[in-house]
Amino acid sequence: MLIQRLEHYTVVAGPTVTVVTKTSEDQKLTYSSWERFRAIQINSVDVTSELILRLEFVIQIPHTIAPQRCIISIDLDSGLPMVCDTKRPVSSGLYDFLSMYADDWQTMRVSVDFVDFLVAKTFTATCEEWFSKLSPVPQSKFAAWFSQRLQIARIALSQTGRASFAIFMAGFLFFSEGKVSASTILYAACLGLLLWAVTNVLASSASRSATKQVGLSVLPTVILLTDGDTKAYKGVRERSAGALTASIRLATIGLIQIALNIVASYLYAAVT
């Protein structure tokens, strides 16, 4: 599209195309043309983290004395290298970042240097038009909605333990029909706190799992250029159970906590 846009100007020199790729292994490779890049890198097993397309030429703008040099740089960023590492712990904060800021991720940067402002705006608009036609990363509406409310869901789940403890004590008093002593209340409190601790471990595990699943479901941008990119992205999609599954899992854990404490309070009241 940029080459076609150049047909509206008198081209004095160029254009020359440079392709720069950065991989997940911190390798930076430069190619003299897009065709050479495709010929060499198509079977690469590396995962692309950044792609820079640089177009350089000299044009004669109407009603100007001297030709003007122009350099257009298009920088595309991929979030794939961050999540394709299966050994990355959930506690690293990456998935929290993805779930909260996926919509604000800067996927493309365009710079146009050494040329008239109006001409630069024309080329920038062309880049934006090209970018808008790229296929978006598959993402459900529920995943986008739930990712903005994941933090609230996690806080609610973390408080379920306290609520369950209160339900346990209230249930014990109810099922005992008021026939309790100070010692049985103390033992009941100890049992309730023990259940609280155990269920909190389950809730914490479910919360971390949900954070990871939602983070993988709202991956903001992916660059698929090589066989390595395609394989890594396929692996990410297979590990992603989806935001709906994550939300159901959180709700289920919360209900299990409450139900477990109700049953435990009934059994304890029956025994004592």
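The values are calculated or read from the model by the stated rules, or taken from the named source; none is laboratory data. Only a predicted model underlies this, so the values are computations on that prediction, with no experimental measurement involved. Reconstructed Cβ throughout: ideal geometry from the backbone, glycine too, with neighbour counts over all protein chains shown. To get the accessible areas, we keep the full protein, side chains included, count just its heavy atoms, and leave off ligands, DNA and RNA. Shrake-Rupley method; radii C 1.70, N 1.55, O 1.52, S 1.80 Å.
Please report the accessible area of residue 108 (heavy atoms, 1.4 Å probe, ligands and nucleic acids excluded) in Å², nearest 10.
Approximately 40 Å² for this residue.
How far is it, in nm, from the label point at residue 114 to the one at residue 9 when both lie 7 Å from their Cα along the line to the Cβ?
1.2
So how strong a dipole does the chain carry about its Cα centre when Lys and Arg Cβ are +1 and Asp and Glu Cβ are -1, to the nearest 20 debye? Write out the running numbers ahead of the final one.
Values: 24 positive and 21 negative charges, 168 e Å.
Taking the Cα centre of the chain as origin, the dipole is about 800 debye.
I'd like the trypsin sites (Lys or Arg not before Pro) in the stretch 107-168 restricted to DSSP loop residues with at most 13 other Cβ atoms within 10 Å, sorted by number.
On the way: sites: 109, 121, 133, 141, 149, 154, 162; in loops: 133, 149.
Sites meeting the loop and neighbour criteria: 133, 149.
Per-residue HN-Hα couplings for the stretch 258-271, Karplus 6.51 cos²θ - 1.76 cosθ + 1.60 at θ = phi - 60°, whole Hz, x for Gly and Pro?
Taking θ as phi minus 60°, the curve returns 5, 5, 4, 6, 5, 5, 5, 5, 5, 5, 5, 5, 5, 6 Hz for the stretch 258-271.
In Å², and per residue, what accessible area does the chain have when probed at 1.4 Å with the other protein chains present? Numbers along the way, then the final one.
Numbers: 15260 Å² over 272 residues.
That works out to 56 Å² for each residue.
Checking the table 133/231; 22/141; 22/231; 133/212; 141/212 against a 27 Å threshold on Cα-Cα, which pairs fail?
In this structure, 22/141; 133/212 exceed 27 Å between Cα atoms.
Give the calculated FRET efficiency between residue 135 and residue 202 to the nearest 0.05, with a Förster radius of 51 Å applied to their Cβ-Cβ distance.
On the way: r = 39 Å, r/R0 = 0.77.
Efficiency, from the Cβ-Cβ distance: 0.85.
Could you work out how far helix 117-132 tilts from the main Cα principal axis of the chain, as a 0 to 90 degree angle to the nearest 10?
The two axes meet at around 50 degrees.
Run the helix sum for the chain: -39,500 (n - 2.57) per DSSP H stretch of 4+ residues, divided by residue count, reported at 222 nm to the nearest 500 deg cm²/dmol. Spell out each step's value before the answer.
On the way: 10 runs with 152 residues, N = 272.
Dividing the helical sum by the residues of the chain leaves -18500 deg cm²/dmol.
With every protein chain left in place, what is the accessible area of residue 26 in Å² (1.4 Å probe, nearest 10)?
140
Full-extension gain between residue 163 and residue 40, please, as 0.36 nm times their residue separation minus the C-alpha to C-alpha distance.
Values: separation 123, 0.36 × 123 = 44.28 nm, distance 6.02 nm.
Value of the extension gain: 38.3 nm.
Please get the size of the charge dipole for the stretch 157-272, origin at its Cα centre, with Cβ charges of +1 on Lys and Arg and -1 on Asp and Glu, quoted in debye to the nearest 20. Don't skip to the answer; put the middle values down first.
On the way: 9 positive and 4 negative charges, 33 e Å.
For the stretch 157-272, the charge dipole is close to 160 debye.
Can you compute the modelled spin-label distance between residue 182 and residue 238, with each label point 7 Å from Cα toward Cβ, in nm?
According to this spin-label approximation, the distance is 6.3 nm.
To the nearest 10 degrees, how steeply does helix 182-217 sit against the main Cα axis of the chain, on a 0 to 90 scale?
20
Which length gain, in nm to one decimal place, applies between residue 121 and residue 16 when the Cα-Cα distance is subtracted from 0.36 nm times their residue separation? Don't skip to the answer; put the middle values down first.
Values: separation 105, 0.36 × 105 = 37.80 nm, distance 2.03 nm.
Once the chain is fully extended between residue 121 and residue 16, it gains 35.8 nm.
I'd like the Karplus ³J(HN,Hα) series for the stretch 145-157: coefficients 6.51, -1.76, 1.60, θ = phi - 60°, whole numbers in Hz, and an x wherever there's a Gly or Pro.
Calculated HN-Hα couplings, in order: 5, 6, 4, 7, 10, 4, 4, 5, 5, 5, 5, 4, 5 Hz.
Relative to the present Cα-Cα distance, how much length would full extension add between residue 27 and residue 249 at 0.36 nm per residue of separation? Please report the intermediate quantities before stating the final value.
On the way: separation 222, 0.36 × 222 = 79.92 nm, distance 3.94 nm.
Extra length from residue 27 to residue 249 when fully extended: 76.0 nm.
Is the shape of the chain best called rounded, prolate or oblate, per the rule: a/c under 1.5 gives rounded, else a/b larger than b/c gives prolate, else oblate, with a ≥ b ≥ c the square roots of the Cα gyration tensor eigenvalues? Write out the running numbers ahead of the final one.
Details: a/c = 4.88, a/b = 3.34, b/c = 1.46.
Here the chain falls in the prolate category.
Given a 1.4 Å probe and the protein chains all in place, what does the accessible area of residue 118 round to, in Å² to the nearest 10?
Near enough 120 Å² of accessible area.
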